[in-house]
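The values are calculated or read from the model by the stated rules, or taken from the named source; none is laboratory data. Treat the numbers as computed from the prediction; the structure is a model and nothing was measured. With ideal geometry, Cβ positions are generated from the backbone for all residues, glycine too; neighbour counts draw on all protein chains shown. Side chains are part of the model used for accessible areas, which takes the heavy atoms of the whole protein and leaves out ligands, DNA and RNA. Shrake-Rupley method; radii C 1.70, N 1.55, O 1.52, S 1.80 Å.
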Amino acid sequence: MTSILKSFIALYTSMLLLAMSLGLLATFLSLRLTIEGFSTQMTGLILTSYFVGSVVGAIYGRRIIRSVGHIRAFAVFAALATAMIMLHGFYISALAWAIFRFFTGIATIGLFMVIESWFNESAEPHTRGRVFSIYMVMCYLGGSIGQQLLNLGEVKDQTLFFVIGFLLVSCIIPIALTHSIHPEIPKVKPVKFKIILQKAPLGILGCFTAGLTNSSFYTMGPVFSHQINLSISQISYFMTISVLGGLLFQWPLGIFSDRFDRSKVIPILGIVFAVISVLMIGLSQSSFWVFMAATALFAGLMFTIYPAAVARAHDMFEPKDVVNVSSALLLFYGIGAVIGPIVSSSVMEMLDSPYGFYIYFSGVSTAFALISLFLRHKELARVIPVEDQVDFMIMNHTTQMAIQIDPRSEVDQTQPEKKTEDELTT
């Protein structure tokens with residue numbers, strides 16, 4: 001473990017700083033829009049443009065990295081993100097902020113692509129599992145620390161824009177000083193979506209649902225907290241505990257999903273999450289720390305939907321198909337992430353209540369559970385023996401590059417292929 005940290009200290013440091021800045025940024029902008037008097041629905045629309053930019057960046061960011069190299073591309077993306085942050089503080093307007101968020105999404109996904117492709121080039125096969133796990137922990141840890149930085153300044157002031165800008169600029173330093181050679185951008189073959197939809201409908205459904213829930217939480221969670229009159233300090237704890245809960249709950253859920261049939265685990269996860277979402281309405285009106293304990297459970301369940309769905313999808317394919325399958329899963333996650341904030345903010349607006357926030361989650365997770373059960377009942381979701389299931393991995397939604405270092409993508413040449421039909425080749 002120590003040798004891995006030493007070998008990748010520059011990349012891990014940049015990732016930690018980047019995650020801190022993004023964690024603070026998401027919460028801060030949601031609160032700032034609310035305080036500036038924008039409606040709940042308008043806030044959702046403005047912040048959704050970030051996820052649109054992320055989808056665009058995932059498509060075109062690769063070209064920029066190939067043309068100018070990793071270090072220059074990283075500096076460009078960090079500079080673009082910092083410039084957009086500064087513009088947020090300079091001019092407040094719904095249209096302008098939507099544009100700024102769009103380009104921030106492009107820049108952010110580009111930064112992730114640079115770091116993750118570097119990991120892919122440098123990680124040895126026998127260390128990929130640990131490298132990947134530490135990287136994911138850094139994503140969650142940075143996001144949770146960033147929430148606490150909300151207390152460094154007044155939301156109405158410009159201080160937090162400078163804090164975010166400082167973190168974004170600082171993440172360039174470790175990358176710029178590294179002596180590593182420029183890694184190659186991994187090639188990703190075109191994905192045959194029809195095959196993936198036929199063989200892994202539960203995985204696709206789970207990733208789409210994760211997009212609907214995760215993006216809604218990050219954009220509307222601070223708005224909900226403000227509307228129920230939590231202080232800035234309490235809002236920072238609400239978001240921090242949520243992110244940490246999302247990390248910590250992945251270990252027990254991973255063990256559970258590895259030991260039981262995932263075609264049953266996934267709908268059960270949806271049912272439990274739906275019940276907890278309803279209970280959160282009452283628990284949010286109890287004492288603050290009781291609410292925080294419930295929030296940890298709520299977020300823990302929410303953030304485990306994505307890795308559980310990814311693992312289920314990979315159960316249906318060979319290791320050599322992991323990158324292609326994951327590309328499709330990320331696309332459906334991105335589609336859900338674009339839709340989520342728009343729908344969740346509209347629900348809160350129509351109900352004229354902050355508790356529409358949890359009603360939205362309950363509705364989404366109930367639909368997810370029912371459709372999952374339907375797919376299993378109709379045998380569209382094939383049952384895989386537990387001993388043939390792939391290992392559950394701690395995951396966060398980033399880019400296709402992260403999948404390159406996922407140890408599940410390593411083909412074990414000593415084992416016969418489980419499935420030979422419907423190959424994902426072009």
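Within the stretch 51-93, track down each residue that is among the polar types (S, T, N, Q) and either touching an Asp or Glu at 6+ places or on another chain (Cβ under 7 Å) or in a helix (DSSP H, G or I) (or both).
To start, the set of residues in the stretch 51-93 that are among the polar types (S, T, N, Q) comprises 54, 67, 82, 93.
Hits for the stretch 51-93 are Ser54, Ser67, Thr82.
If you check Arg66, Arg72, Arg32, Arg62, which single one turns out to be surrounded by fewer than 24 Cβ atoms within 10 Å (Cβ to Cβ), basic (Lys, Arg), closer than 25 Å to Leu141 by Cβ and out of contact with any Lys or Arg (no Cβ under 6 Å at 6 or more places or on another chain)? So that I can check it myself, show each step before the final result.
On the way: Arg66 fails: closer than 25 Å to Leu141 by Cβ; Arg72 fails: closer than 25 Å to Leu141 by Cβ; Arg62 fails: closer than 25 Å to Leu141 by Cβ.
Answer to the selection: Arg32.
Looking at the stretch 170-206, which of the residues that are surrounded by fewer than 17 Cβ atoms within 10 Å (Cβ to Cβ) and assigned to a helix (DSSP H, G or I) is modelled with the lowest pLDDT?
Phe193
Determine, yes or no, whether Asn151 is among the polar types (S, T, N, Q), surrounded by fewer than 16 Cβ atoms within 10 Å (Cβ to Cβ) and at pLDDT 85 or above. Outline the logic, then answer.
Working: among the polar types (S, T, N, Q): yes; surrounded by fewer than 16 Cβ atoms within 10 Å (Cβ to Cβ): yes; at pLDDT 85 or above: yes.
Spelling it out, Asn151 is indeed among the polar types (S, T, N, Q), surrounded by fewer than 16 Cβ atoms within 10 Å (Cβ to Cβ) and at pLDDT 85 or above.
So is Phe249 under 21 Å from the mean Cα position of the chain (by Cα) and among the hydrophobic types (A, V, I, L, M, F, W, C) or not?
Values: under 21 Å from the mean Cα position of the chain (by Cα): yes; among the hydrophobic types (A, V, I, L, M, F, W, C): yes.
Considered against the rule, which asks whether it is under 21 Å from the mean Cα position of the chain (by Cα) and among the hydrophobic types (A, V, I, L, M, F, W, C), Phe249 comes out as yes.
Can you name the residue in the stretch 225-260 that is open to solvent by less than 10 Å² (accessible area, probe 1.4 Å) and among the polar types (S, T, N, Q) and, of all such residues, is nearest to Tyr355 (Cα to Cα)? Full working, then the answer.
We begin by selecting, within the stretch 225-260, every residue open to solvent by less than 10 Å² (accessible area, probe 1.4 Å); these are 225, 235-236, 238-239, 242-243, 245-246, 250, 254, 257.
Remaining after also requiring among the polar types (S, T, N, Q): 225, 236, 242, 250, 257.
On the way: Ser225: 10, Ser236: 19, Ser242: 17, Gln250: 26, Ser257: 31 Å.
For the stretch 225-260, the residue satisfying everything is Ser225.
Condition check: within 23 Å of the chain's Cα centre (by Cα), modelled with pLDDT under 90 and open to solvent by less than 60 Å² (accessible area, probe 1.4 Å). Does Ser263 satisfy that? Walk me through it before giving the result.
On the way: within 23 Å of the chain's Cα centre (by Cα): yes; modelled with pLDDT under 90: yes; open to solvent by less than 60 Å² (accessible area, probe 1.4 Å): yes.
Spelling it out, Ser263 is indeed within 23 Å of the chain's Cα centre (by Cα), modelled with pLDDT under 90 and open to solvent by less than 60 Å² (accessible area, probe 1.4 Å).
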